[in-house]
Amino acid sequence: MMADTGQHVAIIMDGNGRWAEQRGQPRLVGHHAGAKRIREIVEACPAVGVKYLTIFAFSTENWKRTQSEVSGLMRLFKRYIRRESQNLVDDGVRVRFIGDRINLNEQLASTMDELELVTADNKRVNLTIALNYGGRDEVTRAVQRLAREIEQQRLTAKEVSAKVLAGFLDTHFLPDPDLVIRTSGEARISNFLLWQSAYAEYEFIETLWPDFNSEEFSQLVLKFRTRERRYGAVL
């Protein structure tokens, strides 16, 4: 079976802190540099046939970082959304967020809602931002919603299938990712899209996220298209 077109690429944007530390700067400087890199990658998507881009911005485990770093990141997210909102609208990018918003600052959550609303009609690129997201947390919340449906007798246990469960996930509106890229040289998936990436191809690259550019992104997508995806079958 030949490789799919790779319409959905997911990225674990790792290495911001190390990028800053290598330059003798505070870690937040690296996060600011990383945020600026997102626009370049989003703008590169149409040229290489990527319709869906999902990026891992903040995990459920990232709350364990220092209070100053977490607070700085939350301010950065809000500033990024406000600064990039018009550019995203103009570029035809539809933005949606996945993750649990319950622990997020009310202002930030409201800003996220507004961005989803103003970009709702865009179709050129679908950008999904995972914020306060964890794969296990997502599946747990999905099962809780599924259990409520059964409790309220809108669904029976016999009707539950993988397809039905997937409909309760945060990503119910997305196709599964074809390619998952992790920057910074770490070779782990860090609780990202655990259900959805069952048959995704992975690329673990040495480049730190603030140095990752559209050329390297495009090369990885083109490389993906040379792979054979068997989905458990034998050729």
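Here, each number is a calculation from the coordinates, and none is a lab measurement. Given the structure is predicted, the values throughout are model-derived calculations rather than measurements. All Cβ positions, even for glycine, are placed from backbone atoms using ideal geometry, and neighbour counts span all protein chains on display.
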Quick one: which residues, 5 or more positions from Ser59 or on another chain, have an amide H under 5 Å from its amide H? H modelled 1.01 Å from N in the peptide plane, none for Pro or chain starts. Asn132, Tyr133
Go ahead and collect, in residue order, the members of segment 102-131 whose backbone nitrogen is under 12 Å from a label point 7 Å along the Cα-Cβ direction of Phe173. 113-123, 126-129
Contact order relative to length for segment 1-130, counting C-alpha pairs under 8 Å separated by 6 or more residues, stands in percent at 29 percent
Are there any trypsin sites (Lys or Arg not before Pro) in segment 142-235 that are in a DSSP loop and have at most 11 other Cβ atoms within 10 Å? List them by number. Arg154, Arg188, Arg230
Can you list residues from other chains, or at least 5 along the same chain, whose modelled amide H is less than 5 Å from the amide H of Ile11? Thr54, Ile55, Phe56, Ile181
In order through segment 185-202: 3J(HN,Hα) via Karplus (6.51 cos²θ - 1.76 cosθ + 1.60), integer Hz, x for Gly, Pro: x, 7, 10, 8, 9, 6, 6, 10, 6, 4, 5, 6, 9, 3, 10, 6, 8, 10
Of the GluC sites (Glu not before Pro) in segment 100-206, which ones lie in a loop per DSSP and count no more than 16 other C-beta atoms within 10 Å? Glu186, Glu206
The distance between the Cα centres of segment 91-143 and segment 12-74, in whole Å, is 16 Å
So what are the ³J(HN,Hα) numbers for segment 114-130, from phi and the Karplus equation (6.51, -1.76, 1.60; θ = phi - 60°), rounded to whole Hz, Gly and Pro as x? 5, 5, 4, 5, 6, 9, 4, 8, 6, 9, 5, 9, 9, 9, 10, 10, 8
For Ser218, Ser184, Ser68, which order do you get if you count the other beta carbons within 10 Å of each Cβ and list the fewest first? Ser68, Ser218, Ser184
Please give the calculated 222 nm ellipticity per residue for the chain, where each DSSP H segment of at least 4 residues contributes -39500 (n - 2.57) and the sum is spread over every residue; nearest 500 deg cm²/dmol? -13000 deg cm²/dmol
Which residues make up the longest stretch of the chain that has no chymotrypsin sites (Phe, Trp or Tyr not before Pro) in a DSSP loop with at most 13 other Cβ atoms within 10 Å? 1-172
With the cut-off at 28 Å, tell me which of the pairs Lys78/Lys123; Lys78/Lys163; Lys36/Lys163; Lys51/Lys78; Lys51/Lys223; Lys163/Lys223 have Cα atoms farther apart than that. Lys78/Lys163; Lys36/Lys163; Lys163/Lys223
Defining a contact as two alpha carbons under 8 Å apart and six or more residues distant in sequence, what relative contact order in percent does the chain show? 31 percent
GNM result for the chain, Cα springs below 10 Å: residue of Gly167, Gly30, Gly49 fluctuating most strongly: Gly167
May I ask you to compute the full-extension gain from Glu43 to Arg124, defined as 0.36 nm times their residue separation minus their alpha-carbon distance, rounded to one decimal in nm? 28.2 nm
Note on segment 104-235: contact order normalised by length, alpha-carbon pairs under 8 Å, 6 or more apart, percent, works out to 21 percent
